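The values are calculated or read from the model by the stated rules, or taken from the named source; none is laboratory data. As the structure is a prediction and not an experimental result, all values here were calculated from the model. Keep in mind that these areas ignore ligands, DNA and RNA; they rest on the heavy atoms of the full protein, side chains included. Shrake-Rupley method; radii C 1.70, N 1.55, O 1.52, S 1.80 Å.
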Amino acid sequence: SMQLALLLAAFLVYLVMASQFESFRLPGVIMVSVPLALPGAIGALWLTGNTISVVALIGMVMLVGIVVNNAIVLVDYVNQLRRDEGMALDEALVEACHVRLRPILMSTITTVLGLLPLALIPGEGAELRVPLAIPVIGGLILSTLLTLLVIPVLYRVFEIRGERARLEAREGTPVRGEDFGGATSVGDPSPGAA
């Protein structure tokens, strides 16, 4: 039932993002941060000598909602730069990573520091607190590091494929990779792309 709860949590997070972004592709890119977090969660449990229990799985369900936050912050800012300032795709990705690095790291560090007392302080109820906090800490640390690398790459790949498909549908001819230079705004091909 906890595995079902984990899948249901991921599905509900995806639905909320799909309605907010009005896209199925961008939430899919953001949801990649969830599987990036799971090795960190399991590795943290293994390193600390804890097993995967019901409480640890509850921590992983919490992790689903927490880790997507960093990717949302990044992807939303890329969209904003492309839409409002008309930046090219690559330029917007570099600028978004540069500007959003500090908020992403700050939110991760504050969450990890807030969970450390749960994970480290022994005493009554530690058998419930520790397996809850450990996977969240491990998953969040690994996911943050990988999100800053993987999400911009996936965003670029999916956007270029989407723009190429839109151009091919409009013109009826295949667009070569070297002819396609990215997009200046969300949904609009660059003037030199045709």
What angle, in degrees between 0 and 90 and rounded to the nearest 10, separates the Cα long axis of helix 89-120 from the longest principal axis of the Cα atoms of the chain?
10 degrees
Relative to the longest principal Cα axis of the chain, at what angle does helix 54-84 sit, 0 to 90 degrees, rounded to 10?
30 degrees
Computed accessible area, Val16, all protein chains, 1.4 angstrom probe, square angstrom
90 Å²
Leaving out ligands, DNA and RNA but keeping every protein chain, what accessible area does Phe11 have, in Å² rounded to the nearest 10, with a 1.4 Å probe?
110 Å²
Considering the chain as a Gaussian network with a 10 Å cut-off on Cα pairs, which listed residue, Ala165, Ala92, Ala41, attains the greatest mean-square fluctuation?
Ala165
Probe 1.4 Å, all protein chains in place: accessible area of Ser53 in Å², nearest 10?
40 Å²
